[in-house]
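The values are calculated or read from the model by the stated rules, or taken from the named source; none is laboratory data. Quick caveat, the model's predicted, so the values are computed rather than measured. Cβ: placed from backbone, ideal geometry, glycine included. Neighbour counts: every protein chain shown.
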Amino acid sequence: MTTCHSNAAVLDGPEVSKQLAGKYMGFKLGAENFGLEILKVQEIIGLMNITAVPRTPEFVRGVINLRGKVIPVIDLRRKFGMAVKEDTELTCVMVVQVTVNEALVTMGVIVDQVSEVMDIKAEHVEPPPSFGSGEAERFLLGIGKFQNNVVLLLDADRILADGEMALVGAMGEAE
């Protein structure tokens with residue numbers, strides 16, 4: 001059986017582990033560990049002035065001007081329905097490139113703290129478990145284990161639903 005992941009067919013079972021093994025940028029939201037494919041992450045910047053955009057979903061913080069380019073910024077805590085907390089000196093923006101309707105879109109993702117680049121081996125990756133609703137499985141690539149911690153491996157291209165992605169993509173500039 002195959003499932004869709006980042007516009008490519010991915011096999012279930014042991015083949016998932018092989019395809020998902022690799023380097024991930026690690027970050028935290030609260031006590032939970034997450035990872036994004038390192039090739040999706042362009043840079044990590046400190047929190048800067050974010051201009052709110054009226055009538056956008058609650059998880060959209062607004063837009064920033066990054067070296068002359070306007071990019072949308074989403075708050076991953078709010079997107080995942082986690083409790084909102086005050087920003088700290090560790091709060092940062094991961095600038096990522098995602099694919100929207102076959103175009104690359106740059107956006108910022110606010111996280112509590114960036115940890116480290118993780119090299120996750122195939123034997124330490126499992127397919128995401130079924131939680132029943134299908135919502136979590138939509139944006140999870142898999143579950144990794146790194147230094148005795150469980151890491152939720154996210155699919156950057158699918159964190160936002162299609163309609164949300166179109167909205168956020170329209171706020172930024174496609175490349």
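Return a yes/no flag: does region 109-125 have any residue that is more than 14 Å from the chain's Cα centre (by Cα), in a loop (DSSP other than H, G, I, E, B) and modelled with pLDDT of 90 or more. First the steps, then the outcome.
Step one: of region 109-125, the residues more than 14 Å from the chain's Cα centre (by Cα) are 115-125.
Of the ones still in play, those that are also in a loop (DSSP other than H, G, I, E, B) are 121.
Filter again for modelled with pLDDT of 90 or more, leaving 121.
There is at least one residue in region 109-125 that is more than 14 Å from the chain's Cα centre (by Cα), in a loop (DSSP other than H, G, I, E, B) and modelled with pLDDT of 90 or more.
How many residues are in a strand (DSSP E or B) and under 10 Å from the mean Cα position of the chain (by Cα) when one looks only at region 138-151?
Within region 138-151, the subset in a strand (DSSP E or B) is 140-146, 149-151.
Now drop any that are not under 10 Å from the mean Cα position of the chain (by Cα), which leaves 140.
Qualifying residue count, region 138-151: 1.
I'd like the residue in region 45-83 that is of a type in the set (Lys, Arg) and crowded, with 19+ Cβ neighbours inside 10 Å and, out of all such residues, is nearest to the chain's Cα centre (by Cα). Write out each step before concluding.
Our first condition is that a residue be of a type in the set (Lys, Arg); within region 45-83, this holds for 55, 61, 67, 69, 77-79.
Going one step further and asking which of them are crowded, with 19+ Cβ neighbours inside 10 Å, we end up with 61, 79.
On the way: 61: 15, 79: 10 Å.
Going through the qualifying residues, I end up with 79.
Given the conditions (1) among the β-branched types (Val, Ile, Thr); (2) surrounded by fewer than 18 Cβ atoms within 10 Å (Cβ to Cβ); (3) within 13 Å of the chain's Cα centre (by Cα), which single one is not true for residue 41?
Residue 41 satisfies all of (1) among the β-branched types (Val, Ile, Thr); (2) surrounded by fewer than 18 Cβ atoms within 10 Å (Cβ to Cβ); (3) within 13 Å of the chain's Cα centre (by Cα) except (2).
From the list 102, 86, 137, which one is surrounded by fewer than 14 Cβ atoms within 10 Å (Cβ to Cβ) and modelled with pLDDT under 90?
Working: 86 fails: modelled with pLDDT under 90; 137 fails: surrounded by fewer than 14 Cβ atoms within 10 Å (Cβ to Cβ).
Result of the check over 102, 86, 137: 102.
Taking region 47-81 on its own, how many of its residues are β-branched (Val, Ile, Thr) and either closer than 14 Å to residue 95 by Cα or in a helix (DSSP H, G or I) (or both)?
Final tally of qualifying residues: 7.
Could you list, ordered by first residue, the pairs with Cβ atoms under 6 Å in which the first is in region 98-109 and closer than 18 Å to residue 139 by Cβ and the second is among the acidic types (Asp, Glu), at least 6 apart or interchain?
From residues that are closer than 18 Å to residue 139 by Cβ, the pairs are 98/157; 99/157.
Could you check residue 174 against (1) touching a strand residue (DSSP E or B) at 6+ places or on another chain (Cβ under 6 Å); (2) modelled with pLDDT of 90 or more; (3) within 25 Å of residue 45 (Cα to Cα) and say which number it fails?
Only one criterion is unmet by residue 174, namely (2).
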